[in-house]
1. Residue by residue through the range B:30-62, note down the ones that are hydroxyl-bearing (Ser, Thr, Tyr) and more than 9 Å from chain A (Cβ to nearest Cβ).
2. Considering the range A:130-171 alone, what residues qualify as being within 28 Å of the chain's Cα centre (by Cα) and either surrounded by 24 or more Cβ atoms within 10 Å (Cβ to Cβ) or within 8 Å of chain B (Cβ to nearest Cβ) (or both)?
3. Using the structure shown, decide if A:Ala231 is part of a helix (DSSP H, G or I), without any contact (Cβ under 8 Å) to a residue 60 or more places away in the chain and either in contact with a helix residue (DSSP H, G or I) (Cβ under 9 Å, 6 or more places away or on another chain) or acidic (Asp, Glu) (or both).
4. Among the residues in the range A:72-82, are any touching a residue at least 60 places away in the same chain (Cβ under 8 Å), surrounded by fewer than 22 Cβ atoms within 10 Å (Cβ to Cβ) and not aliphatic (A, V, I, L, M)?
5. Return only the number of the condition from (1) in a helix (DSSP H, G or I); (2) surrounded by fewer than 20 Cβ atoms within 10 Å (Cβ to Cβ) that A:Asp199 does not satisfy.
6. Mind checking whether some residue in the range A:60-73 is touching a His at 6+ places or on another chain (Cβ under 6 Å) and either in a helix (DSSP H, G or I) or not acidic (Asp, Glu) (or both)?
7. Filter the range A:66-125 for residues that are among the charged types (D, E, K, R) and at the interface with chain B (Cβ under 7 Å from one of its Cβ atoms) and give the result.
8. Report yes if some residue within the range B:80-95 is at the interface with chain A (Cβ under 8 Å from one of its Cβ atoms), among the β-branched types (Val, Ile, Thr) and assigned to a helix (DSSP H, G or I); otherwise report no.
Amino acid sequence: MTLILLFLILPTLIIIPMSLSTTSHLQFPPQGLTWMWYAAYFSDPDWMAATWFSLRIAIATSLTATTVGTLAALAIVRGDVPFKGMLHALSMGPLVVPHIVLGVALYLVLSPLQLTGTLAGFLIGHTVLAVPFVVITVMAALQRLDPALDLAALNCGANRAQAFIHVTLPNIAPSLASGAVFSFLASFDEATVAFFISDVGGKSIGRKMFEDIDFNLTPVIAAASTVVVFASLFLIGFAQLLLKAESPQIQTGEHDQ
Amino acid sequence: MNIVASHRRQGPLAAIIRPRHASRYAPLTSWLLAFPLVATFATGFLYPLSKLVALSFANGAESYVRLLEDFLYVRVMTTTVATAAAVTVFCILLGYPVAFAMTRLRGKAALITAACVFIPLWTSVLIRSYAWIVLLQRNGLVNDFLQSAGLSDQPLKLLYTLGTVVMGMTHILLPFAILPIYATLRTLPPDFARAAANLGAGPFRTFFSITLPLSLPGLFAGAILCFVLALGFYITPALIGGPGSMLMATLIGQQTTVLLDWPFAAALSTVLLAVALLIVFLFRRALSLSKGFHSVH
């Protein structure tokens, strides 16, 4: 048991001593501690450009995926359309299509339009990849929410939009926010599709890491990875807090599905 | 219940702007809500994939014939399936005990176990593959340890083999096996196991005749998830695999980045896509996708 858990966690933790070690390959016990790889990461224009580019992509993706995903979740759970099942299946599609296949396919479309390596190109690809996470989280929140609350608002004279803004939205807000965090990470951590739709002018941090691991293995990668891991864990912790904040309000009403 | 019935207007237009049931949105509203998703997926998902499939037939079926006639490519396909199967088996064997423990542990131990499962899940695949390189390279930690312990005289070649790829992929996909199994185990009423114990079954008998059979749906879902994800894995085999461990995904990568044979790469991708979709379609009920993935969060 303990061995399996160590197998799971150790390779992730090993990058921390690696990033602080004075030698360029990891030794145990470490020869000495240094911040120089972090300094190298933060002062390298290439790494910084890739990091900022990825941050911009991830923020934009998070906004679009959360909007598109939430609206779709509303249509699937509360809507009155035929082919609901197909709509749901479509929104889950990117989870089952191998990322390399989607990467090649997106390259075929983006390349002739000269959209590889651009924010717009990445935004399209990463939004598609991130939407399932939002749909799953928001659908779950909507199914937990008693539809009678909405009916009560309508009965009190609210129209659909008012009922949504004053009743439904506040109740699903924590799930919506955690969906936004997950889609941010789904974009920022994404490497396979990014590998294909990056180019010399516009590289995501995933592509930059891939190249560095493949060609010049230095502890700068470990320093960059450590920064990314801690930033990701911080965000995930934040999302978990949001989801916890929602749980006392869980409604036990009949499901509308 | 039918609140709006009294002031519902008649006619075809009313049918799309008025909901049939007060707790649902009207058809028109529903379509408008679904539209952004349909539009995004049409441009960023369905159109690119159809373009890919079309490109694979650019020279007729030539690419596919080449794929089936060349022994080398057939071997890549069988290696891919065998690797994915091996990874799936390892994930289930290692994942089941962890999932089982997660339902039994309380307090600090439960927290640590959950951290060990979730932290890797939300760490980039790149970073975890890089960690394996650091550990297994010629002057890496594992080789240092083996030599200082006197188990080996010279550094062993641990990287760039198929075995390493299987291990690295198992490491990355393990949480995807653990979570669906955990989700099923958690819903089993403890009364069943207690009843079995009451009837005189020992812990082993209870586990094998009660708990294990009842958790099979979760196990099955985890296995399918691992298998499908393993089939299309690119980053890990590309970084820690070698020429001897060419898989479908790395072959596609090589065709597109080195050989620039796009129609052939498209044919390979189409085969991979078809296999993944076929498996998900066949096992869609066992998978009940959204459930399995929701436990990921």
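1. Residue satisfying the conditions is B:Ser56 alone.
2. A:Ala130, A:Val131, A:Pro132, A:Phe133, A:Val134, A:Val135, A:Ile136, A:Thr137, A:Val138, A:Met139, A:Ala140, A:Ala141
3. yes
4. No, the range A:72-82 has no match at all.
5. All conditions are met except number (1).
6. So far as the range A:60-73 goes, yes, one or more of its residues are touching a His at 6+ places or on another chain (Cβ under 6 Å) and either in a helix (DSSP H, G or I) or not acidic (Asp, Glu) (or both).
7. Listed by number, the residues that qualify are A:Arg78, A:Asp80.
8. no
The values are calculated or read from the model by the stated rules, or taken from the named source; none is laboratory data. Quick caveat: nothing in here was measured; it's all calculated off a predicted structure. Virtual Cβ from ideal backbone geometry, glycine too; neighbours counted across all protein chains shown.
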